[in-house]
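For reference, the structure is listed below as structure tokens.
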There are 2 protein chains.
Amino acid sequence: MPSKPLPPLAVPAASRVTIADVADKAGVSKATVSRFLNRRDELLTPEIAQRVETAIAALGYSPSPMAQALKRGRSRLIGLVVADVTNPFSVAVLRGAEKACQEAGYLLMLFNLGDDGQRERDAIEALASYQVEGLILNTLGHDEGAAAAVARQGRPVVLVDRRHANMQADFVSLDNAGAVRLAGEHLLQSGWDELLFVSEPIAGVSSRQERAAAFRAFLADQPEVHGASFESAAEDLGGLETQLLQLRARGRRPALLASNAVITLRVADAVARLGWRFGTDLGFVGIDETEWAPLVGPGLSTIAQPTDALGRLATACLLERLQGRDLPPRQILLPGTLVVRPSSVAARTLG
Amino acid sequence: MPSKPLPPLAVPAASRVTIADVADKAGVSKATVSRFLNRRDELLTPEIAQRVETAIAALGYSPSPMAQALKRGRSRLIGLVVADVTNPFSVAVLRGAEKACQEAGYLLMLFNLGDDGQRERDAIEALASYQVEGLILNTLGHDEGAAAAVARQGRPVVLVDRRHANMQADFVSLDNAGAVRLAGEHLLQSGWDELLFVSEPIAGVSSRQERAAAFRAFLADQPEVHGASFESAAEDLGGLETQLLQLRARGRRPALLASNAVITLRVADAVARLGWRFGTDLGFVGIDETEWAPLVGPGLSTIAQPTDALGRLATACLLERLQGRDLPPRQILLPGTLVVRPSSVAARTLG
DNA sequence: TTGTATGCGTTATCAA
DNA sequence: TTGATAACGCATACAA
């Protein structure tokens, strides 16, 4: 047991040191202190500046962002609305965004929808009430009120990964078309000749739509290749198994393209239940790189998203707008990177 | 192309509707509106209350939390400092905490250390400057200034998963001793007889210390069982392989207990490189349940942490303190759940 | 170049 | 029971 007494659980809230305290200590007015803080370049007698500076240091003063926000309407806060924090992609983006915010002296306010798309509007309004200067949205955009809520706030917004209908905003995302093409071409080059694209139920989610459309376009360019698409619902695991059996019945060298990590998990589960092996019985590439991809079966090939860059760019976009730049809405599409592992390459070897 | 004009990217900040507007519209004073909002139970003429209520509804008024915070020092904000948002455990806790906060009408302010333990103090101070009412810390506690910073703020703190020396606070965590015992007993009962406990470098992290100590205690209770511990550093993957080879040389039925998901990943990688199979060449249980545990090798046995409950309880503790309750620091230890998969049970079958 | 006074949106203290 | 009015901590127009 340590013998020295520990501090109490909550001391009487060591009343904040304010700008007035600094002014007193320096023997100047509050206005002078404020000027020293905000417009240091301007008009300031060196001697006074010195006095203020030492007073600030002595008192350990730092201005209250809340009071500043109240006064000038800017809060150094950025709101982040995430459809589901459990989603590794969302977390990766969050991480990138958070880093960029910190570097720029902003703090992130988080609102997690917990996959309840109807609360989007609540989220935006809650965040807005704290005067967030801008919003990063990684959500479905299914809440009717959301777009209106954003517009009402009149604050810049960046959409990540998912577009919203009716919302005029910057958009940062993986180049979905390119990613699907990259995966498809790699599978064909590796000797697989019958493709199945599996997605979560599209349900109006733009990234899912884009990936599915990209797959169709890819097939259209390769008339000699057979291909099909399937939307796998979480409740219907049997459906996926049926699709896999049909796929293998159709082609000698069937391969699967998973549209994201959730589907990859589901497919890996089905493949295990069927007793198949990736890379021999079934070729595989999945969008989304994960730490476990190398460890499932013989190792799963993936398309890695530049998640960190996505988060950073989303923040950068927002900060640019906050600087006052009035540009037309931008789209930033970043390429995915193919990570080749045995799940996609064994076929040729065996062929 | 949609033909209807979209709203501009940023409208001139539809100046907030304030309590004064409501007062005007209702033909009462601001004070009355404020009273209606805050002490509805008290003294209020029904007719006036009605007028205020309709005015609020008509204007869509909601009070500014910033102004409220400035005035009463309470912000409805809770600060969450996380050592590393990439860590699934942290995210799971975050999720639980975020849910509980929302239910209680609080918003979460996030600060991610990005595994830079030295920034803990910055984090606490940044959060405190926004008047967060309390702090949830899932950090190393290696930053000397941190405890002092917290004490200075005089706000309640809850520690999750990792204790801090010198910090008087509630503590919410997995029952590490119980979890390790549960895993160890399960391995022995399944017929494995030579155990290796693998942890990340202890480095003063309390949860790692506790798990390692629990393993030693477990061994002490079972004199007939051989066992060893190993701290696996990220830079030294070869070291882990060496340990595995030695383990298998020592015992006929060797099993490994991984202290968390990071180690599980590392072990799975090493096992793959060695060409071993979980459940036959090596028994395995890892602390931390993950979505991919069923898919690695034959399926990995785990001890699932009640992450959601941890997050919720951490928040609940904080909220209780905020209610003004002045209790001695509490410890809440939640049991882990054994999830049995083939990695730990095949031995007996084969025996 | 510095100080005074006002207001940001609330709540709280006092009178009325 | 309600209404002025003064803070909360800060930034700024204006006066000095």
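Values quoted throughout were computed directly from the atomic coordinates according to the rules given, and no laboratory measurement underlies them. Being a predicted model, the structure only gives us computed values, none of them experimental. We place every Cβ from the backbone using ideal geometry, glycine too, and count neighbours over all the protein chains shown.
Sorted from closest to farthest, the other copies place their A:Gly239 label points 4.9 nm away, with each point set 7 Å from Cα along Cα→Cβ. For segment A:301-316 and segment B:172-204, what is the separation of their Cα centres, given in Å? A separation of 36 Å, based on Cα centres. Charged side chains reduced to their Cβ positions (Lys and Arg at +1, Asp and Glu at -1) give the protein assembly as shown a dipole of some 1260 debye around its Cα centre.
Restricting segment B:15-51 to trypsin sites (Lys or Arg not before Pro) that sit in a DSSP loop and have at most 14 other Cβ atoms within 10 Å of their own Cβ leaves B:Arg39, B:Arg40. For the pair segment B:17-87 and segment A:96-147, the centres of their Cα atoms are 22 angstrom apart.
Which semi-axes, in whole Å and largest first, does the equivalent ellipsoid of segment B:150-222 have when worked out from the alpha carbon gyration tensor as the square roots of 5 times its eigenvalues? Could you put the intermediate results ahead of the total?
On the way: eigenvalues 205, 28, 14 Å².
Working from the Cα gyration tensor, I get semi-axes of 32, 12, 8 Å.
With contributions of -39500 (n - 2.57) from each DSSP H run of at least four residues, the per-residue ellipticity at 222 nm computed over chain B stands at -14000 deg cm²/dmol.
How long is the gain from A:Gln189 to A:Ala228 if the chain were fully straight, where each residue apart is worth 0.36 nm and the alpha carbon distance is subtracted?
Values: separation 39, 0.36 × 39 = 14.04 nm, distance 1.82 nm.
Contour length minus Cα-Cα distance gives 12.2 nm.
Ranking B:Phe89, B:Val296, B:Phe111 by how far each Cα lies toward the positive end of the dipole of chain B (charges on Cβ) leaves B:Phe111 at the top. The distance linking segment B:258-295 with segment B:227-257 is 12 Å (Cα centroid to Cα centroid, whole angstrom).
Filter the trypsin sites (Lys or Arg not before Pro) in segment B:233-310 to those in DSSP coil with at most 12 other Cβ atoms within 10 Å of their Cβ, and list the result.
Details: sites: B:Arg248, B:Arg250, B:Arg252, B:Arg266, B:Arg273, B:Arg277; in loops: B:Arg252, B:Arg277.
Passing both the DSSP loop test and the Cβ count: B:Arg252.
Which loop trypsin sites (Lys or Arg not before Pro) in segment A:60-134, with loop taken from DSSP, have no more than 14 other Cβ atoms within 10 angstrom of their Cβ? Let's see the in-between values first.
Working: sites: A:Lys71, A:Arg72, A:Arg74, A:Arg76, A:Arg95, A:Lys99, A:Arg119, A:Arg121; in loops: A:Arg74, A:Arg76.
Those satisfying the criteria are A:Arg74.
Across all Cα pairs in segment A:197-304, the calculated P(r) in 5 Å bins from zero up to the longest distance comes to 2, 12, 24, 25, 22, 12, 3, 0 percent per bin.
In summary, the convex hull built on the alpha carbon positions of chain A has an orientation-averaged projected area of 25.8 nm². Selection among A:Thr242, A:Ala100, A:Ala314 by position relative to the dipole of chain A gives A:Ala100 as farthest towards the positive end (Cβ unit charges, Cα centre). A simple spin-label model places pseudo-atoms 7 Å from Cα toward Cβ; at A:Arg39 and A:Ala220 they are separated by 5.9 nm.
Return the average number of partner chain Cβ atoms within 10 angstrom of each residue Cβ along peptide B:97-103.
Values: counts 1, 6, 3, 0, 3, 8, 0.
Taking all residues of B:97-103 together, the mean is 3.
With a Förster radius of 51 Å, plug the Cβ-Cβ distance of A:Lys30 and A:Asp115 into 1/(1 + (r/R0)^6) and report the FRET value to the nearest 0.05. Intermediate values should be presented prior to the final figure.
Numbers: r = 48 Å, r/R0 = 0.94.
Efficiency, from the Cβ-Cβ distance: 0.60.
Residue of chain B with the smallest Cβ distance to the axis mapping B onto A, distance rounded to whole Å: B:Trp292, 2. Starting from the label point of A:Ala213 at 7 Å along Cα→Cβ, the same points in the other copies fall at 5.9 nm, in ascending order. Please tell me which of these pairs span more than 19 angstrom C-alpha to C-alpha: A:Lys30/A:Lys71; A:Lys71/A:Lys99; A:Lys25/A:Lys71? Violating the 19 Å limit, Cα to Cα: A:Lys71/A:Lys99; A:Lys25/A:Lys71.
Report, in debye and to the nearest 20, how large the dipole of segment A:19-63 comes out about its Cα centre when Lys and Arg carry +1 and Asp and Glu carry -1 on their Cβ.
Numbers: 6 positive and 6 negative charges, 15 e Å.
About 80 debye.
Over all orientations, the protein assembly as shown has a Cα convex hull whose mean projected area works out to 37.3 square nanometres.
So for chain A: antiparallel DSSP bridges make up what percent, rounded to the nearest 5?
Around 5 percent of the beta bridges assigned by DSSP in chain A are antiparallel ones.
Considering only B:Leu70, B:Leu187, A:Ala128, the residue lying farthest towards the positive end of the dipole of the protein assembly as shown is B:Leu70, judged by Cα position with unit charges set on Cβ. Computed from label points 7 Å out along Cα-Cβ, the spacing between B:Glu144 and A:Leu237 is 5.4 nm.
At q = 0.24 Å⁻¹, what log₁₀ I(q)/I(0) does segment A:19-63 have when each alpha carbon counts as one equal point scatterer in the Debye sum? Here the Debye-derived log intensity ratios amount to -0.73. Distances between copies at A:Leu59, taken between label points 7 Å from Cα along the C-beta direction, are 3.4 nm in increasing order. Taking chain B as a Gaussian network of alpha-carbon nodes connected by springs under 10 Å, the highest mean-square fluctuation of the residues B:Ser90, B:Ser207, B:Ser34 belongs to B:Ser34. Here segment A:95-143 is described by how far its Cα atoms reach on the three principal axes: 32, 22, 14 Å, from widest to narrowest.
Tell me, in nm to one decimal, what length is gained between B:Glu103 and B:Ala20 on full extension, where the rule is 0.36 nm per residue of separation less the Cα-Cα distance?
On the way: separation 83, 0.36 × 83 = 29.88 nm, distance 2.91 nm.
Stretched out fully, the B:Glu103 to B:Ala20 stretch lengthens by 27.0 nm.
Can you compute the charge dipole magnitude of chain B about its Cα centre, using +1 on each Lys and Arg Cβ and -1 on each Asp and Glu Cβ, nothing else charged? Give it in debye, rounded to the nearest 20. Don't skip to the end; give the middle numbers.
Details: 37 positive and 39 negative charges, 185 e Å.
For this selection, approximately 900 debye.
The calculated Kirkwood hydrodynamic radius for segment B:103-232 is 16.8 Å, given to one decimal from all distinct C-alpha pairs.
Between A:Glu291 and A:Gln331, the modelled labels are 3.5 nm apart [label points 7 Å from Cα along Cα→Cβ].
Looking only at the protein assembly as shown, where both bridge partners belong to it, what percent of the DSSP beta bridges are antiparallel (to the nearest 5)?
Working: 10 of 90 bridges.
In the protein assembly as shown, approximately 10 percent of DSSP beta bridges are antiparallel ones.
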